[in-house]
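Asks: Here it is: the structure, laid out below.
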Amino acid sequence: MAITKAAPPRGDRSERDGPRQEKPKGQGRQSSSSLVLVMVLLLVVVAQGPIRRALAAPAMESWMTVFVAVVVQALPFLVLGVLLSAAIAVFVPASFFARALPKRPVLAVPAAGVAGAVLPGCECASVPVAGALVRRGVTPAAALAFLLSAPAINPIVLTATAVAFPREPRMVLARFVASLVVACAMGWLWHRLGRTDWLRPPARPSAEGLGKGAAFWASVRHDVMHAGGFLVVGAMVAATLKAVVPADWLRAAADDPVVSVLVLAVLAVLLSICSEADAFVAASLSQFSLTARLAFLVVGPMIDLKLFAMQTATFGRGFALRFAPATFALAIVVAALTGTVLL
């Protein structure tokens, strides 16, 4: 009689062979990234001759000089501003501002605007702070005045402006005055004409569930990645304008006082440079007048592409579609008038 040996249960085989090794989720992605990096390095090695010749071209040397100068000058102010803004956002309770501001909105608006002059922070930090102010009962008009003034006239930004324009100390005063006027005017305008249904109550940020240290470093990492990326892009564009674009084109735009202001105002919106670094980019655009560059410095911290996206996410699309164009137009007018008087 033949005896057949029963097949072991499936579970027995797995136990005999040991536990299955699961592939980490990010391993495939890391492998692909490593492969791409290796391919890029090989390409650079193979094409090093043409790359050297391209970098040795006079236009490229000029481009690299402007790019490195802008980044190296701006980076310390960017890092310092990010650290201070993260510390304020995490360790200073938003209820402090509600207690410190006057109860009457007409008086709270300029008080909030002036408060922005003593609280370092870039525009990336001002939007969530303004949202926290509204959530804790501060009148929206005052919160919006703080949102516009804090990234434009705080000590880090004004110091960076003085360093970027060492021979034009009036630029610091002009930037302070124009930015504060726009912030207060927009706050009063919202108090007068703004409607409650235009402003969506901001949601509570997820960072509030973290500890103080974790929230601080999360804010630092976020702002460094975003602000640093925009700084690099801005430096690249400034270097390109300086070294590649024909001088006749820039001279044609710069010679017309109205066109030059509009061109740099639009450029500020498109570049979306952090306010701690924008003065160095503006200083590199020396073919434009001081008034046009003042428009660049006033418009940029108040409305650009990343700010529009953050305002939409925090306060709603209806708010951003009304607030951003009004801020842009008012900033251009005030900057032009301030430049005419002070510069």
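Asks: Can you give me the orientation-averaged projected area of the convex hull built on the Cα atoms of region 62-342, in nm²?
Replies: Approximately 13.5 nm², given one-decimal rounding.
Asks: Within 10 Å, count the other beta carbons around each residue, average over each peptide in 274-284, 150-160, 239-249, 299-309, and list them highest first.
Replies: By packing density, highest mean first, the sequence is 274-284, 150-160, 299-309, 239-249.
Asks: Over the Cα atoms of region 219-343, Rg to Rh with Kirkwood Rh, two decimal places?
Replies: The Rg/Rh ratio comes out at 0.99.
Asks: Additional query: What ranking of V298, V182, V90 emerges when the number of other C-beta atoms within 10 Å of each C-beta is taken as an exposure proxy, fewest first?
Replies: Ordered by Cβ neighbours within 10 Å, fewest first: V90, V182, V298.
Asks: Turning to a different aspect of this structure: Give me L330, L147 ranked fewest to most by other Cβ atoms within 10 Å of their Cβ, as a rough exposure proxy.
Replies: L330, L147
Asks: Going by how many other Cβ atoms sit within 10 Å of their own, how do R175, R200 line up, fewest first?
Replies: Working: R175 28, R200 17.
Result, fewest neighbours first: R200, R175.
Every number here is computed from the coordinates shown, using simple stated rules; none is lab data. Being a predicted model, the structure only gives us computed values, none of them experimental. As a convention, Cβ positions derive from the backbone with ideal geometry for all residues, glycine included, and neighbour counts pool all protein chains shown.
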